[in-house]
Amino acid sequence: MGTFCSENRANELHLHTRKLLASRQRSIAGGDSIHISKEVISAPFDFPTTSVQTREDISQQLTPILEGQVTSVSQLKDVQPSDWAFDALQSLIERYGVIAGYPDNTFRGNKAMTRYEFAAALNACLERVNELVAQGTMSSVSQDDLVILQRLQIEFAAELSTLQGRVDKLEAHTSFLEANQFSTTTKLTGLVVLALTGGGFSGDRIIDVTGREITTENPNATLLYRATLDLTTSFSGTDLLTIWMEIGSNGPDDNAAGFLEPSFGSVLDYSAKPPVEQFGLSRLHYTFSPLKDVKVSFGPLIALTDYVDSNSYANVSFSDFSTQALINNYILLPVQGLGGGAAITWNPSDGAFTLRAAYVASTANEPTSSNSSFVPGIFPLGYILYPNARSDRGLFQDPYQGVVELEYAPSNAFKLRLQYTGGSVLNGQFDALGANLELRLSERVAVFGRYGYGNYKNTAFGDINPSYWMAGIAFPDLFVPGAKSGIAVGQPFIANELGNATQTNIEAFYNFPVSDSIRITPVVQAIVNPANQGDNGTIITGTLRTVFSF
């Protein structure tokens, strides 16, 4: 989703730079006068935009950049020795140490901006000299340096004037944003997803896992939708209150396979059917950092998939795969949410190891006992395994689940996650192990995969040990920067009396960024041997998903 306040924060940082570097016209003893009549700022910096920030936070982030100095002109990689100003700049650096460089010792921007960046640095030198004069230390400023500064000021007069015009426009734009911003502490973002999906099957009919016939003909295409409003509020700059409100298509055909889907959840298009049945809250939780390297989230509406089993190339996302078996290990996560609970993340010293733990109870907000109605937050798999069971209610009652995940990520190219979970679904005890791997082979190619093994007690099929696997290959930035694409295959656990899974799900997608706010994703899916039923023909579906974000 888009970040409403990011541009406003960047503008405030630019204006803060402008104030810190503003020139002051002062007379110099002996009749010499060095001044700059236009206020200038340097080229744009890169600032984090991950949270709402106060002016004090902005000042703290900006100060190291303005105070960071270099000791040799050779450290400034974009300043060329062939330029006549090189020796002049070198002299000023050595005498006054006033030119602010970036952490990588470069002036950022394209080559055409080098002179403007140099002009901004010159203004800082002029400011420093004026400060020395104001402090009565004129003797520390040599006449030769005054001559150099005057020559440089004349040489870069056009750039200084252009920069002043940019500052004026920026100041006007910032004033408009400040007057019209949604909130000083809250960001409002949104997402609207529209998806046209349809498909068909070979053979005479489609039957489900119980052998019940569910269709004998190909259904019509379906238009699905989902809309989300996301309010995130920060009170300190390091915390976050998250509120999601959603609405979407409802009904048995709210997945990519529509009425063709015979296995109750192996294929699910996340462009439709949000976790709430009607327009309402789908997330409500608060995140903060009580200790260094520790992050805690808690609230009445959280989802385990927000905290564990993530994957850079196959994740729960509106711009990713649609097949549920390819985006989550649902043997590992039968209680996906929504429910009340908490999650904690610990990444010691920002090192390679990260430990995560989470707990959720789907009926945490309902203190009375015995619930025989539909319980939100449980995969349909649970009702197949325990068709006659009942659930309790409360924070520590069925259905509940706890999960622990250890991640090893020595670099951004390789990540391995090992998981354990246990809990109760409809009074049926379970525990499971999982593994999640991603490996970037190059800037344009990556592989990924998941594996799960579970132990479910006293199901409708007895004590069972279901397994699950998926694997795929991704192509980031395929054809255009920002594009996402991938192909994956998986074999989900299908609950029936036929034994091991034989259903196989295959999907390929290409997510194309039309603009920063619009993405279009064609998706092709195939289900081979659906519902483990040999009489079922192969199901082929196609989906065209469009995502609008703001």
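No lab work stands behind these numbers, since they all come straight from the coordinates. Please read these numbers as outputs of a predicted model, since none were measured by experiment. Cβ atoms come from the backbone with ideal geometry, glycine included; neighbour counts cover every protein chain shown.
So the values come out like this:
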| read-out | value |
| --- | --- |
| Ranked VAL547, VAL296, criterion: other C-beta atoms within 10 Å, fewest first | VAL296, VAL547 |
| Taking N as its residue count, the alpha carbon Rg of region 284-549 over 2.2 N^0.38 Å | 1.04 |
| By average C-beta atoms within 10 angstrom, highest first, the peptides 316-329, 470-483 | 316-329, 470-483 |
| Flagged links, alpha-carbon separation over 31 Å, of LYS169/LYS292; LYS295/LYS457; LYS169/LYS484; LYS295/LYS484 | LYS169/LYS292; LYS295/LYS457; LYS169/LYS484 |
| Given charges at Cβ of Lys, Arg, Asp, Glu: region 284-549 dipole, positive-most of TYR408, PHE479, TYR386 | PHE479 |
| Order of ARG151, ARG95 - criterion: other Cβ atoms within 10 Å of each residue's Cβ, fewest first | ARG151, ARG95 |
| Packing rank of 398-410, 227-239, where each peptide gets the mean count of other beta carbons within 10 Å, highest leading | 398-410, 227-239 |
| Within region 144-247, GluC sites (Glu not before Pro) in DSSP loop having at most 13 other beta-carbon neighbours inside 10 Å | GLU217 |
| Value of Rg to Rh for region 401-467 (Rh from inverse mean 1/r over Cα pairs, i.e. Kirkwood) | 1.15 |
